[in-house]
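Report on one structure; see the data block that follows.
The values are calculated or read from the model by the stated rules, or taken from the named source; none is laboratory data. What you are looking at is a predicted structure, and each value in this text was computed from that prediction instead of being measured. Here Cβ is always computed from backbone atoms with ideal geometry, including for glycine, and neighbour counts include all displayed protein chains.
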């Protein structure tokens, strides 16, 4: 279970703090982020550190009222982003914002998505689930694009959003077992009915209907990756390598889930470190993962 990270002491360097959070907590993302040149790497680490702070509230052990209050405080703090802030995450975002046009409003979208988690929102249709994914992950895609940079921003921003949706759909499939343990079901109710699966049977021993449901959702996530990966040609080489490495690691998660949906239903599926490093190396060389 994730916990809310305490605000660190003033003496911690803002970028240094955010990079440590990212290395420690973003086990998949760091393989891509470290491929960026230092200014972009530091800025994206600041984006991740704030995103992690928000996510940790939703995933933590606070009561529902406490989580709502914590999200309210974070939302208020986003109006105080300043390089001189005593909060290193707000300071790092302020420093990054002086260099890159960060769409701070995307953090408000992320908070809205986490509030849906706190409220136990379930999704009747896939379109409703996509709306949630756009809030919690498409928002991070838009923030990342602001750091990457593109001379076709109006065209590429929706594609970055799509790539975020693809990654969040993968997260949902990776975490089916863990989420059931906390009473969360993200898969659309219409899909469960289509495969004659109930939340109870989803959490029991894997059966052909539940495995067919997982493979159906994997196919959907792959379609979103096809859309989202159209972003890469619009980025510079190092930024494309970063996005490609992160996407490549998630695509390899999908391959594992698709080949063994029974495992995805009983434990959290992961990609070993050596394989993540291999994907990142290929991304830097401009090769598909």
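Determine, yes or no, whether residue 202 is closer than 22 Å to residue 130 by Cβ and at pLDDT below 90. Write out each step before concluding.
Details: closer than 22 Å to residue 130 by Cβ: yes; at pLDDT below 90: yes.
So residue 202 passes the test.
Looking for whichever is surrounded by fewer than 15 Cβ atoms within 10 Å (Cβ to Cβ), assigned to a helix (DSSP H, G or I), under 20 Å from the mean Cα position of the chain (by Cα) and in contact (Cβ under 8 Å) with a residue 40 or more places away in the chain here; the options are 221, 277, 245, 240. Which one fits?
Residue meeting the stated conditions: 277.
Within the stretch 140-151, is even one residue surrounded by 15 or more Cβ atoms within 10 Å (Cβ to Cβ) and closer than 24 Å to residue 188 by Cα? I'd like the intermediate steps shown before the answer.
Within the stretch 140-151, the first condition is being surrounded by 15 or more Cβ atoms within 10 Å (Cβ to Cβ), and the residues that meet it are 140-150.
Imposing the further condition that a residue be closer than 24 Å to residue 188 by Cα reduces the set to 140-141.
Checked the stretch 140-151: at least one residue is surrounded by 15 or more Cβ atoms within 10 Å (Cβ to Cβ) and closer than 24 Å to residue 188 by Cα.
With respect to residue 191, is the statement that it is surrounded by 15 or more Cβ atoms within 10 Å (Cβ to Cβ), at pLDDT 90 or above and within 17 Å of the chain's Cα centre (by Cα) true?
So residue 191 fails the test.
Go through (1) in contact (Cβ under 8 Å) with a residue 60 or more places away in the chain; (2) under 28 Å from residue 187 (Cα atoms); (3) touching a helix residue (DSSP H, G or I) at 6+ places or on another chain (Cβ under 7 Å) for residue 89 and report which single condition fails.
(2) is the only condition that residue 89 fails.
What are the pairs with Cβ atoms under 7 angstrom where one residue, in the stretch 103-114, is on the phi < 0 side of the Ramachandran plot and at pLDDT 95 or above and the other, located anywhere, is surrounded by 21 or more Cβ atoms within 10 Å (Cβ to Cβ) and outside any helix (DSSP H, G or I)? Sequence gap at least six, or different chains.
Hits for this filter: 104/81.
Residue-by-condition table, conditions (1) at pLDDT 90 or above; (2) closer than 25 Å to residue 185 by Cα:
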| position | (1), (2) |
| --- | --- |
| 215 | yes, yes |
| 226 | yes, no |
| 229 | yes, no |
| 236 | yes, no |
| 257 | yes, yes |
| 267 | no, yes |
| 276 | yes, no |
| 289 | no, no |
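Looking at the stretch 38-53, can you tell me whether even one residue there is more than 28 Å from residue 243 (Cβ to Cβ) and modelled with pLDDT of 90 or more?
Scanning the stretch 38-53, I find no residue that is more than 28 Å from residue 243 (Cβ to Cβ) and modelled with pLDDT of 90 or more, so the answer is no.
Pick out the one residue from 166, 92, 137 that is more than 30 Å from residue 203 (Cβ to Cβ) and surrounded by 22 or more Cβ atoms within 10 Å (Cβ to Cβ).
Exactly one of 166, 92, 137 is more than 30 Å from residue 203 (Cβ to Cβ) and surrounded by 22 or more Cβ atoms within 10 Å (Cβ to Cβ), namely 92.
Name the single residue, out of those in the stretch 248-272 being without any contact (Cβ under 8 Å) to a residue 40 or more places away in the chain and over 17 Å from the mean Cα position of the chain (by Cα), that is surrounded by the fewest Cβ atoms within 10 Å (Cβ to Cβ).
272
For residue 271, all conditions in the list (1) assigned to a loop (DSSP other than H, G, I, E, B); (2) at pLDDT 90 or above; (3) more than 19 Å from residue 178 (Cβ to Cβ) hold save one; what is the number of the exception?
Only one criterion in (1) assigned to a loop (DSSP other than H, G, I, E, B); (2) at pLDDT 90 or above; (3) more than 19 Å from residue 178 (Cβ to Cβ) is unmet by residue 271, namely (3).
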